[in-house]
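One structure is given below, encoded as structure tokens.
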Amino acid sequence: MAIVNATPDSFSDGGRFNTVDAAFRQALKCLEEGADIIDIGGESTRPDAAVVGAAQEQDRVLPVIEKLAKETDALISIDTYRAETARLALSAGAHIVNDVFGLQKEPDMAEVIASAGAGVCIMHTRRERQKLADVIDDQNHFLKESLQIAEKAGISREAIVLDPGFGFAKDTGENVELMARFAELQTLGLPILAGTSRKRFIGALTGREVADERDAGTAATTALLRMAGAAVFRVHNVAINRDALLVADAVLAARHAHQGERD
């Protein structure tokens, strides 16, 4: 899943793709590098980012989605927590809603997704809520509530991917612990998306203060989380993370072959 931010203030690439043509060109580049999904966002979700109105968000993302839907066969994701933006984006050609509040911000979001038969990425967040002390307990508590909302609205489980929300009101230690215990999330029985790309905690671990210098650190997390069971990777730099996945998948294949021989 390639990140294309049609915003002027995203933490990594703000302002680089905030015209329709620039965002479209970046999406094409990502597809050429091997992306399967293009995730279009119109409001920065970095800490302390200014809130953008729904109309402005829609003005930023809808023309990009329409152009991508018309001129490519890419799977398109809309990164929004607003039900009306999601509805309009799905009508414009998006296939997936990536909700950073896990269906818990706006009550109509789950019904919009269900009525469109769309896919959904349900992300865990520690923003705007009290959190449990244990990182996995907190994941399970939040995501199970989101899954109940999805089920009540009629969203098929086959349409759901979960995202543990790296960096969203989590400090460096919590993010590292979440990576170390990532396999425990498999008990939820759904595919898991890893969204570590260029996050602040990678900068803290590597000493890279500039966000777009964190791609090597991101690729390391991609390989580690693939080994732990992650299925989808939301990234800025597709090429370097694709290389990391090729290596990790080769190791996983060798491991499975060895286990098969032993069995």
* Asked: With contacts defined as alpha carbon pairs under 8 Å and 6 or more residues apart, what's the relative contact order of the chain in percent?
  -> 15
* **Unsatisfied cross-links (Cα-Cα over 32 Å) in the set LYS70/LYS131; LYS29/LYS152; LYS144/LYS199** => LYS70/LYS131; LYS29/LYS152
* To do: For the stretch 107-263, just say rounded, prolate or oblate: build the C-alpha gyration tensor, square-root its eigenvalues into a ≥ b ≥ c, call rounded for a/c under 1.5, and beyond that prolate if a/b exceeds b/c, oblate if not.
  => oblate
* Structure fact -> Summing -39500 (n - 2.57) over every DSSP H run of at least 4 residues in the chain and dividing by its residue count gives a helix-only mean residue ellipticity at 222 nm, to the nearest 500 deg cm²/dmol, of -15000 deg cm²/dmol
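We did not get these values from a lab; they are worked out from the coordinates using the rules stated. These numbers were taken from a predicted model, which means no experiment stands behind them.
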